[in-house]
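A.B. asks: Sharing a structure with you now.
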Amino acid sequence: MTTLFLALIYFLAAPLVGAFLAGVDRKLTSRLQGRVGPPLWQPVFDVMKLLEKENLVVRRSQNFYIVYYLILVIFTGGLFFTGKDMLLVIFALTLASIFFVLAGYKASSPYSFIGAQRELLQIVAYEPAVLLAAIGFYMATGTFNVAAIAQTPRMLVLVLPGIFLSFLYILAIKMRKSPFDLSTSHHAHQELVKGITTEFSGQTLAMIEIAHWYETVFVLGMVYLFFAKSIAIGLIATVMVYFLIIFVDNAFARVKWELALASSWIVAFIFGAGNIVWLFVLGRSS
Amino acid sequence: MTLKRSPWIIHYDGSSCNGCDIEVLACLTPVFDVERLGIINTGNPKHADIFVITGSINEQNKDVVLNIYHQMPEPKVVVAVGICASSGGIFAECYNVAGGVGKIIPVDVYVLGCAARPEAIIDGIIKGVGILDEKRKKLISIHKGFEELVIQQADAFDAVEILWLQKLANQSEAELYHDFSFAPLLQTLDQVWEDFEKQVFLKAVIDKKIVGSIRAYQEGDLCRMSRLIIHPVYQGLGIAKRLLASVENMFPQARRLEIAVSHRNKRLIYFYKKLGYQLSRREKVTEKVDRLFFEKTVAEKDHD
């Protein structure tokens, strides 16, 4: 019963929180660039407008993949916030991204092809760090259950600093932020047109936007998990991480895909895997 | 309402000195910051609501402008910025310049100036936003119940408007296949008048404007229909379906209904099949084009 209740709260609140965060992002970005910026709820206005627009398609089936993408993203967050198995959460997330890539391929335009290929590369880039995070949580707490991990008496970031660092590094990919906004970007309105979302319009584009809100909330939930011992510290840390991502987004140029892939793997293996080896050695000696 | 708060623009610079082009970009800078009005410069016609175009139209960019325009989802608005986009400006006399944007696509707002000031451009875009909202309301009202739509028999006075519509509606198909020589585009006004003597014309009218038409005549128990035309903006709203149904009602003696379609027009073929029409024969028109005839049998109606 509580699971169902939690799932319902998540389902209704996550898009609101996501939209609010997206609005804060745009406002903050404008201020960093010396502009006034749009109203705080601009992302909501954008989505409402998209719902009223005509839905042009190259192939009708491209929109179905986006529907699956949205459902799976909601499912991912639902599993996470109701405290289910961490591995299942990660697999659902990967499946969601794969449906997004398929939608990009299905639209058969050169721009969305490049976007889809880049999205695939990004999945390859962030997947090791995400998996290592799950393994790290297991090694530190002895469980994959998200609810149990959240209730650990230890501050997990102190046990898993390397894992946290590697997760922080790939956060920009998941949030579609510079320097890793290769497949589609919030700002690059003229580069490779709009990457993987080029061929989507109207309601379907609105769905992608809403899925992105859910995704942002889920990813920040993962960040919170590292600080779950204290709610206050957890919330402050999550907000600070979000601001850091926005700051980095404005301060750095986009990198090439080779660097995005290589660097995120190197960070994941040095800090993430290093952290796990360290925990392993610690576990043996004690 | 939200349309007003989030107009996304696509900007294209035709043949100009780039002065207006630079001024459009100046609107995005911190000094003018149009994002505070929710305006975003997208590079993608499929995401855009407002088509901001600077510079005149020449033989080379004609196709590009048309292409961008057709790829934008409805409702959409065109804003012509600067004197070149309005009338051709100082380039008007050039051998390769067709003139202003209005020559090839319908323009909603003209922003004058050489170069147009950023303030004027923002003003023009805001004006365009208002028109965008009107267009949306119109689209919604057409979607809802069709209270405005009337189907009537047309007379010879409508010939000019129907011919204009016929050419407009067939434009996109002609562009798609780079074949501007097919019959609906070449028909003259005299030929349409000739058709009026032999056939019955129906017109679909919204707000005194003809947005669709079809013509038909009976031969034995066969009712032959041709030239089903729908205004591009009003396609996909069920107007064609109502026109076909009206023809059916007009010829209660006809047992069979027939209509022809080019074999390349997959959308229309799908549409006829869905309405219960079946392929009856195939005819060669030119090297590349076949004409398909679709037929539907009508059940005997009770007349008591």
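The values are calculated or read from the model by the stated rules, or taken from the named source; none is laboratory data. The model shown is predicted, which means the values in this text are computed figures rather than measured ones. Neighbour counts are summed over all protein chains in view; Cβ atoms, including those assigned to glycine, are modelled from backbone coordinates with ideal geometry. To get the accessible areas, we keep the full protein, side chains included, count just its heavy atoms, and leave off ligands, DNA and RNA. Shrake-Rupley method; radii C 1.70, N 1.55, O 1.52, S 1.80 Å.
A.B. asks: Within the set of pairs 6+ apart or on separate chains, which have a first residue in the stretch A:154-166 that is over 14 Å from A:Val277 (Cβ atoms), a second that is open to solvent by 10 Å² or more (accessible area, probe 1.4 Å) and of a type outside the set (A, V, I, L, M), and C-beta atoms under 6 Å apart?
C.D. replies: From the stretch A:154-166, the pairs are A:Met155/A:Lys229; A:Val157/A:Phe164; A:Val157/A:Phe227; A:Leu165/A:Phe271.
A.B. asks: Yes or no: A:Gln42 facing another protein chain (nearest Cβ under 9 Å) and either charged (D, E, K, R) or open to solvent by 10 Å² or more (accessible area, probe 1.4 Å) (or both)?
C.D. replies: Details: facing another protein chain (nearest Cβ under 9 Å): yes; either charged (D, E, K, R) or open to solvent by 10 Å² or more (accessible area, probe 1.4 Å) (or both): no.
No.
A.B. asks: Separate question: Check B:Ile9 against each of (1) of a type in the set (Val, Ile, Thr); (2) away from chain A (no Cβ under 13 Å); (3) touching a residue at least 60 places away in the same chain (Cβ under 8 Å) and name the one condition it does not meet.
C.D. replies: (2)
A.B. asks: Test B:Phe51 against the stated conditions and say whether it is open to solvent by less than 50 Å² (accessible area, probe 1.4 Å), of a type outside the set (Lys, Arg) and within 12 Å of another protein chain (Cβ to nearest Cβ).
C.D. replies: On the way: open to solvent by less than 50 Å² (accessible area, probe 1.4 Å): yes; of a type outside the set (Lys, Arg): yes; within 12 Å of another protein chain (Cβ to nearest Cβ): no.
So B:Phe51 does not fit the description; no.
A.B. asks: Sticking with this structure for a sec: Specify the residue that is farthest from the other protein chains (Cβ to nearest Cβ); the eligible residues are those in the stretch A:7-28 that are open to solvent by 40 Å² or more (accessible area, probe 1.4 Å) and not aliphatic (A, V, I, L, M).
C.D. replies: A:Phe11
A.B. asks: With the checklist (1) facing another protein chain (nearest Cβ under 9 Å); (2) crowded, with 16+ Cβ neighbours inside 10 Å in hand, flag the one item B:Pro30 doesn't pass.
C.D. replies: That leaves (2) as the condition not met.
A.B. asks: Continuing with the same structure: Tell me, which strands (runs of 3 or more DSSP E) wholly within the stretch B:175-286 include 3 or more residues that are open to solvent by 50 Å² or more (accessible area, probe 1.4 Å) and not basic (Lys, Arg)?
C.D. replies: Details: elements: B:200-206, B:209-219, B:222-230, B:256-262, B:278-284.
Those strands (runs of 3 or more DSSP E) span B:209-219, B:278-284.
A.B. asks: Among the residues of the stretch A:80-98, which ones are free of Cβ contacts under 8 Å to residues at least 40 places away in the same chain and open to solvent by 20 Å² or more (accessible area, probe 1.4 Å)?
C.D. replies: Correct list: A:Leu88, A:Phe91, A:Thr94, A:Leu95, A:Ile98.
A.B. asks: Specify which of the listed residues (B:Lys76, B:Lys4) is open to solvent by less than 20 Å² (accessible area, probe 1.4 Å) and within 12 Å of chain A (Cβ to nearest Cβ). So that I can check it myself, show each step before the final result.
C.D. replies: Values: B:Lys4 fails: open to solvent by less than 20 Å² (accessible area, probe 1.4 Å).
Going through B:Lys76, B:Lys4 in turn, the sole match is B:Lys76.
A.B. asks: Which condition number does B:Tyr69 fail, the rest of (1) surrounded by 19 or more Cβ atoms within 10 Å (Cβ to Cβ); (2) of a type in the set (Ser, Thr, Tyr); (3) within 13 Å of chain A (Cβ to nearest Cβ); (4) farther than 25 Å from A:Ala206 by Cβ being met?
C.D. replies: (4)
A.B. asks: On to the next question. With the structure loaded, tell me whether B:Leu257 is modelled with pLDDT of 85 or more and closer than 13 Å to B:Gln152 by Cα or whether it fails that test. Steps first, answer last, please.
C.D. replies: Working: modelled with pLDDT of 85 or more: yes; closer than 13 Å to B:Gln152 by Cα: no.
Answer is no for this residue.
A.B. asks: Then there is this: Quick one: would you say B:Asp13 is acidic (Asp, Glu), open to solvent by 20 Å² or more (accessible area, probe 1.4 Å) and either at pLDDT 90 or above or farther than 27 Å from B:Asn67 by Cβ (or both)?
C.D. replies: On the way: acidic (Asp, Glu): yes; open to solvent by 20 Å² or more (accessible area, probe 1.4 Å): yes; either at pLDDT 90 or above or farther than 27 Å from B:Asn67 by Cβ (or both): yes.
For B:Asp13, the condition - acidic (Asp, Glu), open to solvent by 20 Å² or more (accessible area, probe 1.4 Å) and either at pLDDT 90 or above or farther than 27 Å from B:Asn67 by Cβ (or both) - is met.
A.B. asks: Evaluate the stretch A:227-241: report whether one residue or more is at pLDDT 85 or above, open to solvent by less than 20 Å² (accessible area, probe 1.4 Å), on the phi > 0 side of the Ramachandran plot and assigned to a helix (DSSP H, G or I).
C.D. replies: Checking the stretch A:227-241: not a single residue is at pLDDT 85 or above, open to solvent by less than 20 Å² (accessible area, probe 1.4 Å), on the phi > 0 side of the Ramachandran plot and assigned to a helix (DSSP H, G or I).
A.B. asks: Being more than 28 Å from B:Glu35 (Cα to Cα), open to solvent by 90 Å² or more (accessible area, probe 1.4 Å), out of contact with any strand residue (DSSP E or B) (no Cβ under 7 Å at 6 or more places or on another chain) and within 13 Å of chain B (Cβ to nearest Cβ): is that true of A:Arg31 here?
C.D. replies: Details: more than 28 Å from B:Glu35 (Cα to Cα): no; open to solvent by 90 Å² or more (accessible area, probe 1.4 Å): yes; out of contact with any strand residue (DSSP E or B) (no Cβ under 7 Å at 6 or more places or on another chain): yes; within 13 Å of chain B (Cβ to nearest Cβ): yes.
It is false that A:Arg31 is more than 28 Å from B:Glu35 (Cα to Cα), open to solvent by 90 Å² or more (accessible area, probe 1.4 Å), out of contact with any strand residue (DSSP E or B) (no Cβ under 7 Å at 6 or more places or on another chain) and within 13 Å of chain B (Cβ to nearest Cβ).
A.B. asks: Does A:Glu54 satisfy being more than 14 Å from chain B (Cβ to nearest Cβ) and among the acidic types (Asp, Glu)?
C.D. replies: Numbers: more than 14 Å from chain B (Cβ to nearest Cβ): no; among the acidic types (Asp, Glu): yes.
No: the conditions fail for A:Glu54.
A.B. asks: Right, here's the next one. Quick check on A:Leu4: is it in a helix (DSSP H, G or I) and either away from every other protein chain (no Cβ under 14 Å) or under 28 Å from B:Lys266 (Cβ atoms) (or both)? Don't jump to the end; show me each part of the working.
C.D. replies: Working: in a helix (DSSP H, G or I): yes; either away from every other protein chain (no Cβ under 14 Å) or under 28 Å from B:Lys266 (Cβ atoms) (or both): yes.
So A:Leu4 fits the description; yes.
A.B. asks: Kindly check whether there is at least one residue in the stretch A:173-196 that is in a helix (DSSP H, G or I), more than 20 Å from A:Val124 (Cβ to Cβ) and free of Cβ contacts under 8 Å to residues at least 12 places away in the same chain. Can you show your working first?
C.D. replies: First, the residues of the stretch A:173-196 that are in a helix (DSSP H, G or I): A:173-174, A:195-196.
Pick out the ones that are also more than 20 Å from A:Val124 (Cβ to Cβ) and you get none.
Among the residues of the stretch A:173-196, not one is in a helix (DSSP H, G or I), more than 20 Å from A:Val124 (Cβ to Cβ) and free of Cβ contacts under 8 Å to residues at least 12 places away in the same chain, which makes the answer no.
A.B. asks: List every residue pair whose Cβ atoms sit under 9 Å apart, with the two residues 6 or more apart in sequence or on different chains, where the first one lies in the stretch B:273-289 and is under 18 Å from B:Glu173 (Cβ atoms) and the second, anywhere, is in a helix (DSSP H, G or I).
C.D. replies: Pairs found: B:Val285/B:Ala183; B:Lys288/B:Tyr177; B:Val289/B:Tyr177.
A.B. asks: From (1) open to solvent by 30 Å² or more (accessible area, probe 1.4 Å); (2) over 20 Å from the mean Cα position of the chain (by Cα); (3) within 11 Å of chain B (Cβ to nearest Cβ), pick out the condition that doesn't hold for A:Gly37.
C.D. replies: (1)
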